[in-house]
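A.B. asks: Mind looking over this structure? Questions follow.
The values are calculated or read from the model by the stated rules, or taken from the named source; none is laboratory data. These numbers were taken from a predicted model, which means no experiment stands behind them. Cβ: placed from backbone, ideal geometry, glycine included. Neighbour counts: every protein chain shown. Just the protein is used for accessible areas: all its heavy atoms, side chains included, with ligands, DNA and RNA removed. Shrake-Rupley method; radii C 1.70, N 1.55, O 1.52, S 1.80 Å.
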Amino acid sequence: MKHGEIINKKPVETGLIDYEKTSKEFSWEAVKKDLFTTPQNKVNIAYEAIDKHAQTWRRNKVALYWEGAEGVYEKYTFLELKRLSDQCANMLRSLGVKKGDRVFIFLPRLPELYISMIATAKLGAIAGPMFSAFGPDAVRDRLQNSEAKVLITTPELKERVETVLFELPKLEHIVVVNSKEDHEPEEGDVCYNTLMKKASDRFEMEWLELEDPLYILYTSGTTGRPKGITHVHNDMISHYITTKWALDLRDDDIYWCTADPGWVTGTVYGLWGPWLSGISSYVYDGRFDAGKWYEIIQTYNITVWYTAPTALRMLMKGGDELVKKYDLSCLRYMCSVGEPLNPEVIRWGLKVYNLPIHDTWWQTETGAIMIANYPCIPIKPGSMGKPFPGTKAAIIDGKGNELPAGQHGLLALKPGWPSMLRAVWGDEKRFKEYFNVNGWYATGDTAYKDEDGYFWFVGRADDVINTSGHRVGPFEVESALLEHKVVAESGVIGKPDAERGEIIKAFVVLREGFKPSQELEEELKKFVRHRLAAHAYPKEIEFCSNLPKTRSGKIMRRLLKARDLGLPTGDISTLED
Ligand code: PRX
């Protein structure tokens, strides 16, 4: 099979049966009517995703199958999640949390993470989920920028960020989740378990406007600190319909999204999306292990699986023989997101799982799937698919003119879909930058469209790095390196990598008196890993005597990258010397 070749798949009976017809007739109003079964002026996503089901035949349906790394299993019905999140909402209210306050959640994928996300929404407060691999700098930046009032964490994670807590004057409470037993909290902290026991499991939901904020997820750009991408309750309209049509979820599915809620996929399709449709969702709080992952699918009868290309490439490395040891016949639909999905992975998936893998494209900012391969359209391996009904995607030039099929350009979207970012927290200027190409929303990606209307990813238009599907800003890594006493200057790029898509590579100029060495290289890696995040440290460091800069002093990462890869250096007229 060649690149671009079509895999023909028989359309199956599903929510999206005819892509062209549905796209033509599509209206967001109709989706709204389908989702909001009772007409109401006020809303709350927690009602639509949890409490509503707790009043129907779904009340005793399992909403969450949870498995911990140490072989602990739990399950929660919609009714149980309703009660626990009511209790948690009362507990947060007793700490003074009100509508609009920011509650940041720094937890492994524990049930308490999901419960507190729901509880925060019930209060009309704004949740800030943070990836548990973050280090103190990443946590400080997010809590400072959002002026979070409450942090929910574990004793272990709290210890990791202890050094920056004094820099957070707006933080009023640290709620400590100790899954083992009630523990004596440190002075000033409160114990989750103790407060939960005191709280009632009946909570009067805060009814909100569709435009009231729901969550903030910080994401990286080329420059500056991470941006607080702010989403609202209205997003649920996109969550709901994309879950049905792009992930093909149905009532009897058992669905596994492998992403952590610290990333947008884990928030949107790890909890809200499936629960809005009353689907049973599985969560594994453990590390990647090919055999374990297959065992999960077999044991829980996972039917729909949403994962990432790096994970699929790692599974492919695990080999065909391993797949044969498990009965994976329960699986019926597979999707992927976060990085380009290689055609060879799709072909391998067809061979070993007997299923095509459906690539989907979207971003933290878009809040939901924007381009996808649907069950009812043939897959062209290597393509991201077609725009979601109701979404206008285009390839444009720098002035906002639409380019014809086959021509590379900027991937842009017409603003106005329900889950579009509503703000960059506290930074109107950076928010507006998204829309400054003639009214389009500029994604920062480059791509092209083919004659059949399929979109093909080309690369990033900026310096943002995508390592294993994790978006990393070079500026953040450069800043972390500069905090080390030996570093005078640093320039950071993404270097192509067969397994991870890209790895982070840093070019470092040392201060006078320090010499490059293997030990120093390891020390710098450890330093960034510890300060910033486990996924955001440079896997490669090259020491050099100077860095290419523009006359205004900006490091030319593009040039560093071209030199590193042995590519033409392009226009270097702005180079300093
Ligand atoms: O460059 C694109 C890449 O991931 C970026 C968005 O990253 P983030 O906001 O962290 O969200 C990731 C998960 C929704 C995009 O700008 N990306 C995402 N999906 C794909 C992709 N690149 C190629 N193919 C995809 N399917």
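A.B. asks: Can you list which of the GluC sites (Glu not before Pro) found in the stretch 401-434 are DSSP loop residues with at most 16 other C-beta atoms within 10 Å?
C.D. replies: none
A.B. asks: Ignoring any ligand, DNA or RNA, what whole percent of the accessible area of the chain comes from carbon and sulfur when the probe is 1.4 angstrom?
C.D. replies: Here it works out to 50 percent.
A.B. asks: What percent do you get for the relative contact order of the chain when only Cα pairs under 8 Å and 6+ apart count?
C.D. replies: Across the chain, relative contact order equals 14 percent.
A.B. asks: Now, a different point. Would you please name the trypsin sites (Lys or Arg not before Pro) within the stretch 331-430 that are DSSP coil residues with at most 11 other C-beta atoms within 10 Å of their C-beta?
C.D. replies: Hits after loop and neighbour filter: 399.
A.B. asks: Right, another one. When DSSP beta bridges are limited to those with both residues in the stretch 79-232, what percentage is antiparallel, rounded to the nearest 5?
C.D. replies: The antiparallel fraction comes to roughly 25 percent.
A.B. asks: Over 32 Å between C-alpha atoms is what I'm after, so list which of 324/561; 98/197; 325/380; 292/526; 227/414; 52/149 land there.
C.D. replies: Violating the 32 Å Cα-Cα cut-off are 324/561.
A.B. asks: Using the beta-carbon distance between residue 301 and residue 397 and R0 = 45 Å, what value does 1/(1 + (r/R0)^6) give for FRET efficiency, to the nearest 0.05?
C.D. replies: Calculated value: 0.40.
A.B. asks: Sticking with this one: Tell me, how many Å apart are the Cα centres for the stretch 385-417 and for the stretch 177-252?
C.D. replies: 31 Å
A.B. asks: Separate question: Ordering 85, 468 by accessible area with a probe of 1.4 Å, largest first, what comes out?
C.D. replies: 468, 85
A.B. asks: Sticking with this one: Taking amide H atoms as placed 1.01 Å from N in the peptide plane, list the residues 5 or more away in sequence, or in a different chain, whose amide H sits under 5 Å from that of residue 257.
C.D. replies: 282, 306
A.B. asks: I would also like to ask the following. Looking at the chain, send over the antiparallel percent of its DSSP beta bridges, to the nearest 5.
C.D. replies: Here the share of antiparallel DSSP bridges comes out near 55 percent.
A.B. asks: Using 0.36 nm times the number of residues separating residue 450 and residue 69, minus their current alpha carbon distance, what extension gain do you get? Walk me through the intermediate numbers first.
C.D. replies: Values: separation 381, 0.36 × 381 = 137.16 nm, distance 4.41 nm.
Gain on stretching residue 450 to residue 69: 132.8 nm.
A.B. asks: Hey, what's the Cα Rg ratio for the chain versus the globular rule of thumb, 2.2 N^0.38 Å?
C.D. replies: Relative to the 2.2 N^0.38 Å estimate, the chain comes out at 0.96.
A.B. asks: Starting from the stretch 53-94, pick out the trypsin sites (Lys or Arg not before Pro) whose DSSP state is loop and whose Cβ has at most 12 other Cβ atoms within 10 Å.
C.D. replies: none
A.B. asks: Something else now. Take residue 197, project a point 7 Å from its Cα along the Cβ direction, then tell me which residues of the stretch 151-177 have their backbone nitrogen under 12 Å from it.
C.D. replies: Under 12 Å, as judged by backbone N against the label point of residue 197, lies no residue of the stretch 151-177.
A.B. asks: Where does the chain land at 222 nm, in deg cm²/dmol rounded to the nearest 500, when only DSSP H runs of n ≥ 4 count, each adding -39500 (n - 2.57), divided by all residues?
C.D. replies: -8000 deg cm²/dmol
A.B. asks: Another question, if that's okay. With every protein chain present, what is the per residue accessible area of the chain (1.4 Å probe, Å²)? If you can, show how the numbers build up before the last one.
C.D. replies: Working: 23650 Å² over 577 residues.
Normalised by residue count, the accessible surface of the chain is 41 Å².
A.B. asks: On a full-extension model of 0.36 nm per residue, what is the gain between residue 28 and residue 433, subtracting their alpha-carbon distance, rounded to one decimal in nm?
C.D. replies: Net length gain for the segment: 143.2 nm.
A.B. asks: If amide H atoms are built 1.01 Å from N in the plane of the peptide, which residues on other chains or at least 5 residues away come under 5 Å of the amide H of residue 542?
C.D. replies: 506, 507, 508
A.B. asks: Right, something else. Each label point is 7 Å from the Cα along the Cα-to-Cβ direction; what then is the distance between the points at residue 539 and residue 355, in nm?
C.D. replies: 2.7 nm
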